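Here's a structure for you.
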Amino acid sequence: MTDWALITGASRGIGQAAAARFRKEGWGVLNLSRGESGVPGVVDLRVDLGSGDWEPRVEAALREHLGPSPRRVTLVHNAALYEHDDALALTAEHLRRVLEVNLVAPAVLNRLARPYLREGSSILYVGSTLSEKAVRNNATYVTSKHALVGLMRATCQDLVGTGIHTVCVCPGFTDTELLREHLGDKPELRATIASKSTFGRLITPEEIAHVLYFCATTATVNGAVLHANLGQVET
């Protein structure tokens, strides 16, 4: 029997680093993403979690790769859409599109993976510092990340007595492709963002991957909202 990690959005950034970490520890890894992970040994299933047709393909992949009784399964909800938007200008279509990936897909994946979650398994949600506060022009991201904390807490209660644990890991500013795209070619803005941690630097994806692996293998953090942000400078 083999331990398995099911990771959404493992084609880059935190998800890719997490895939590499779990593989290093000898786990099987299934990447659910629109792109390939590039990590040796990872099984890549190209899916668009924002579409409505991915469930049958994921169900089939779980049957094929996990088999009847994997030892442990960790489900890492990492994929997310990050949009610049205003809470007072949202359209229903736009809000639904973001929530489909950031919130609905994790809930559906929980249901699909549940038959494979034995004692010692875990469900990990990748939140954000914006899971518990807000900034301007990030309405759908803030809303969905707040809701993800609620889903984690509900997951914790609904898994009582199963020996399965859950955590929401909330990274601070992490040096990912998504952040670089967000900042653009502005070194001064990057320096400003880095200065917002008490260490004066950005977090690496590998550091968050380490936290995720710790959470996957540590049941005592069950139900926790765990901030991994190098200590944010409060102003």
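With a 1.4 Å probe and all protein chains kept in place, how much accessible area does residue 190 have, in Å² rounded to the nearest 10?
So the heavy atoms of residue 190 present about 90 Å² to solvent.
Using a 1.4 Å probe and ignoring any ligands, DNA or RNA, find the accessible area of residue 53 and quote it in Å² to the nearest 10.
About 100 Å², ignoring ligands and nucleic acids.
Given a 1.4 Å probe and heavy atoms of the protein chains only, how would you sort 84, 210, largest accessible area at the top?
Solvent-accessible surface, decreasing: 84, 210.
So, one more: Probe 1.4 Å, all protein chains in place: accessible area of residue 43 in Å², nearest 10?
Surface accessible to solvent at residue 43 totals approximately 40 Å².
Tell me the Kirkwood hydrodynamic radius of the range 54-203 in angstroms, computed as one over the mean inverse distance between distinct C-alpha pairs.
This gives a value of 17.2 Å.
Continuing with this model, one more query. With everything on Cα atoms, drop me the angle between helix 139-158 and the longest principal axis of the chain, reported from 0 to 90° to the nearest 10.
That works out to roughly 30 degrees.
Same structure again: Determine the order of 214, 199, 22, 173 by accessible area, beginning with the largest, at a probe radius of 1.4 Å.
Ranking 214, 199, 22, 173 by accessible area, largest first, yields 199, 214, 173, 22.
Given the chain, what count of lysine pairs have C-alpha atoms under 26 Å apart, with each pair 8 or more places apart or on different chains?
Counting lysine pairs in the chain gives 5.
Just flag the GluC sites (Glu not before Pro) in the range 13-93 sitting in loop per DSSP whose Cβ has no more than 13 other Cβ atoms within 10 Å.
25
Oh, and also: Let me see the pair-distance distribution of the range 5-61: every alpha carbon pair, 5 Å bin width, integer percents in order.
Reading upward from the zero bin: 4, 24, 33, 21, 12, 5, 1.
Just the accessible area per residue of the range 20-156, please: how many Å² with a 1.4 Å probe?
In whole numbers, the range 20-156 has 47 Å² accessible per residue.
A further question on this structure: Tell me the GluC sites (Glu not before Pro) within the range 116-207 that lie in a loop according to DSSP and have at most 12 other beta-carbon atoms within 10 Å.
Here the GluC sites (Glu not before Pro) that fit, given the DSSP loop and packing criteria, are 119.
The values are calculated or read from the model by the stated rules, or taken from the named source; none is laboratory data. Since we're looking at a predicted model, the values are computed, not measured. Methodologically, a virtual Cβ is constructed for each residue, glycine included, from the backbone with ideal geometry; neighbour enumeration extends over all protein chains shown. Ligands, DNA and RNA are stripped out before the accessible areas are found, and what is left, the full protein with its side chains, is counted by its heavy atoms. Shrake-Rupley method; radii C 1.70, N 1.55, O 1.52, S 1.80 Å.
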